[in-house]
Amino acid sequence: MTGAAVDAQGAASRSVARAKRSQAAYQALRDDIFAFRLLPGDRFTENDVAERLGISRTPVREALQRLQGDGLVRGYYRNGWEVVPLDLNRFEALYELRTLLETHAVTRLCQPSHATRRAGLIAMLDTIWRVPLDRRLADGNTVAQLDEAFHLAIVDAAGNPEAAAVHQQVTDRIRIIRRLDFAFGERISLTYDEHGAILAALAEADAARTVALLSTHIEDGRAEVSRLTMARLEEARTSFVPSTESGAAARRRRFG
């Protein structure tokens with residue numbers, strides 16, 4: 001092997017290793033945000049994260065840029081990073097838009113012209129959601145991902161790529177609070193039941209019933225995650241680390 005080939009191989013190996021570190025940093029930070037170990041409005045630097053994870057700043061910066069693209073953090077020139085503050089009014093508006101997109105999708109799917117699309121969608125989703133009790137999953141994170149995929153599949157099956165793209169953007173923006181429904185709530189069993197009922201109504205091409213079931217399902221989820229969000233924020237904000245300095249105020253640990 002020539003010297004150039006060895007250099008190229010070494011460069012490729014370093015690139016792969018850096019990509020793995022960047023992915024690990026991205027996952028760790030995203031988990032901290034979703035678990036409210038990093039609270040909305042928290043400020044931190046690349047050095048904070050690099051020291052905590054034991055890696056260089058380059059993969060940390062790459063991870064933070066991805067999180068910024070996800071709408072979870074925002075960067076300030078020479079002034080660190082911030083977890084994007086929660087705006088519950090904004091989430092209310094996004095949930096309303098989500099309801100409009102999804103109910104429009106099922107209305108289209110119930111039309112005779114969409115019978116083939118509807119049948120394909122139901123066949124795919126039935127294997128996940130209309131299953132015996134002993135085949136239902138219990139892991140909240142897994143069910144949360146499947147729930148997200150369920151709703152994305154419905155809009156995608158309706159055949160409007162522009163609506164599907166907007167719905168994907170809405171899904172990305174509400175993910176931070178939507179995950180709470182499965183991480184801390186008790187909606188796993190309800191989600192199986194409600195998804196099954198939605199699919200049954202959709203299989204009968206009953207647009208009115210499908211829209212009603214879907215609307216209630218989304219609204220109940222919205223109300224629960226709003227309640228859980230406020231509860232988790234309050235819980236996190238009351239968690240302090242005593243100062244080691246005499247007379248100094250207590251502070252919250254940023255990376256618990």
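Inside region 201-228, can you point out the residues that are outside any helix (DSSP H, G or I) and either touching a helix residue (DSSP H, G or I) at 6+ places or on another chain (Cβ under 8 Å) or buried (at least 17 other Cβ atoms within 10 Å of the Cβ) (or both)? Scanning region 201-228 gives a single hit, 205.
Set side by side, the residues 64, 152, 97 differ, and just one is surrounded by 14 or more Cβ atoms within 10 Å (Cβ to Cβ), within 20 Å of residue 199 (Cβ to Cβ) and at pLDDT 95 or above, which is 152.
Please go through region 20-35 and pick out each residue that is in a helix (DSSP H, G or I), touching a helix residue (DSSP H, G or I) at 6+ places or on another chain (Cβ under 8 Å) and not basic (Lys, Arg). Across region 20-35, the qualifying residues are 22, 23, 24, 25, 26, 28, 29, 33, 34. Taking residues in region 53-79 that are among the β-branched types (Val, Ile, Thr), and partners anywhere that are surrounded by 16 or more Cβ atoms within 10 Å (Cβ to Cβ) and in a strand (DSSP E or B), the pairs with Cβ atoms closer than 8 Å and at least 6 places apart or on different chains are 73/81; 73/82; 73/83.
Of the numbered criteria (1) part of a helix (DSSP H, G or I); (2) touching a residue at least 40 places away in the same chain (Cβ under 8 Å); (3) in contact with an Asp or Glu (Cβ under 9 Å, 6 or more places away or on another chain), the one residue 82 fails is (1).
Restricted to region 201-256, and to residues there that are modelled with pLDDT under 90 and polar (S, T, N, Q), the residue that is farthest from residue 130 (Cα to Cα) is 246. For residue 61, the stated conditions hold: it is over 18 Å from the mean Cα position of the chain (by Cα), closer than 23 Å to residue 20 by Cβ and in a helix (DSSP H, G or I).
For region 36-53, how many residues meet the condition of being aliphatic (A, V, I, L, M) and either part of a loop (DSSP other than H, G, I, E, B) or closer than 13 Å to residue 85 by Cβ (or both)? Of the residues in region 36-53, 2 are aliphatic (A, V, I, L, M) and either part of a loop (DSSP other than H, G, I, E, B) or closer than 13 Å to residue 85 by Cβ (or both). Taking the conditions (1) part of a loop (DSSP other than H, G, I, E, B); (2) under 21 Å from the mean Cα position of the chain (by Cα) in turn, residue 159 satisfies each one other than (2).
Out of curiosity, is residue 88 surrounded by 13 or more Cβ atoms within 10 Å (Cβ to Cβ) and either without any contact (Cβ under 8 Å) to a residue 24 or more places away in the chain or not polar (S, T, N, Q) (or both)? Spelling it out, it is not the case that residue 88 is surrounded by 13 or more Cβ atoms within 10 Å (Cβ to Cβ) and either without any contact (Cβ under 8 Å) to a residue 24 or more places away in the chain or not polar (S, T, N, Q) (or both). Of the residues screened, residue 125 is one that is surrounded by 15 or more Cβ atoms within 10 Å (Cβ to Cβ) and either under 22 Å from residue 178 (Cβ atoms) or outside the structural domain of residue 191 (by TED's automatic domain parsing) (or both). Restricting region 128-149 to residues that are free of Cβ contacts under 8 Å to residues at least 12 places away in the same chain and outside any loop (DSSP other than H, G, I, E, B) leaves a set whose member that is surrounded by the most Cβ atoms within 10 Å (Cβ to Cβ) is 149.
The values are calculated or read from the model by the stated rules, or taken from the named source; none is laboratory data. The model shown is predicted, which means the values in this text are computed figures rather than measured ones. Cβ: placed from backbone, ideal geometry, glycine included. Neighbour counts: every protein chain shown.
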